[in-house]
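Peer 1: There's a structure below that I have some questions on.
Each value in this text was obtained by applying a stated rule to the coordinates, not by laboratory testing. Values in this document were obtained by computation on a predicted structure and should not be read as measured data. No Cβ is skipped: glycine too gets one built from the backbone with ideal geometry, and neighbour counts run over all protein chains shown.
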Amino acid sequence: MAKHVLSLEAPDTLNLCQLRLVDTSVYNPDVEVKCPLLQITVPGFNYSVQLESPVVTPGFMLNLTACDLELQHQGCGTTFNTLPDGIYVIRYSVSPNEHVYVEYNHLRMSKALTTYKELLCELDLGACEPDAKTAKKWADLNKIRMYLEAAKAKVEICHEPKKGMELYNYAVKLLGKFECKSCQKF
């Protein structure tokens, strides 16, 4: 193995205030890792936030907040603003950075997933077949979950961000049609 094989994971979390990134790269022990650089473009922005060492080191696991992503400038460390759902463009590189990099589109959908799970909590399910009304709601929620999964696949696997966002927005619209006593609204 002559070079590093860079790889990142951005696991789905229900924490509305954090974006988790994990370095899953395979580094060649015979090649020094120099100038690690993590660049993140937040949905709705045209520029990236740059994180370098000492924050970014091989094997990092970061829980990034609105302050880290320059979306929040006051109360950092005591107040944690919600991060937006949407497509985050994440690029990780090491020297020579223009040649050794990986770039991902990550569809963050923490708010949508939280609402989905809150709606599941409101279903009166038992260890038997539900009544017709509950079964319909359950089927509708499963359909919404599949739209969210399809949106994520379109963005992250198929490299079709526009189509993915159309599916995501449709799923959010469907979520908004449910009456939910405990849900936060979009």
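Peer 1: List the trypsin sites (Lys or Arg not before Pro) within segment 104-186 that DSSP assigns to loop and that have no more than 14 neighbouring Cβ atoms inside 10 Å. Could you put the intermediate results ahead of the total?
Peer 2: On the way: sites: R108, K111, K117, K133, K136, K137, K143, R145, K152, K154, K162, K163, K173, K177, K181, K185; in loops: K177, K181, K185.
Answer by residue number: K177, K181, K185.
Peer 1: Rounded to the nearest 0.05, what FRET efficiency do H4 and W138 have when you use their Cβ-Cβ distance and R0 = 41 Å? Each step should come with its number before you reach the end.
Peer 2: Working: r = 46 Å, r/R0 = 1.12.
The formula returns an efficiency of 0.35 here.
Peer 1: To continue, here is another question. R20's amide H: which non-local residues (gap 5+, or another chain) put their own amide H closer than 5 Å, with H modeled 1.01 Å from N in plane and none for Pro or chain starts?
Peer 2: Sorted by chain and number, the residues that satisfy this are L64.
Peer 1: With Cβ to Cβ distances under 12 Å as the rule, what net charge do the other residues near L38 carry (K, R +1; D, E -1)?
Peer 2: In short, -3.
Peer 1: Next question. Just check segment 111-176 against the gyration tensor rule for me: Cα atoms, a ≥ b ≥ c as the square roots of the eigenvalues, rounded for a/c under 1.5, and otherwise prolate or oblate depending on whether a/b exceeds b/c.
Peer 2: The shape class here is prolate.
Peer 1: From the gyration tensor of the Cα coordinates in segment 8-108, what semi-axes in whole Å does the equivalent ellipsoid have, largest first, with each one equal to sqrt(5λ)? Walk me through the intermediate numbers first.
Peer 2: Values: eigenvalues 119, 38, 34 Å².
Working from the Cα gyration tensor, I get semi-axes of 24, 14, 13 Å.
Peer 1: Next question, about the same structure. If the limit is 28 Å between Cα atoms, which of K3/K162; K3/K154; K133/K162; K133/K173 go over it?
Peer 2: Values: K3/K162 34 Å; K3/K154 30 Å; K133/K162 34 Å; K133/K173 21 Å.
The answer is K3/K162; K3/K154; K133/K162.
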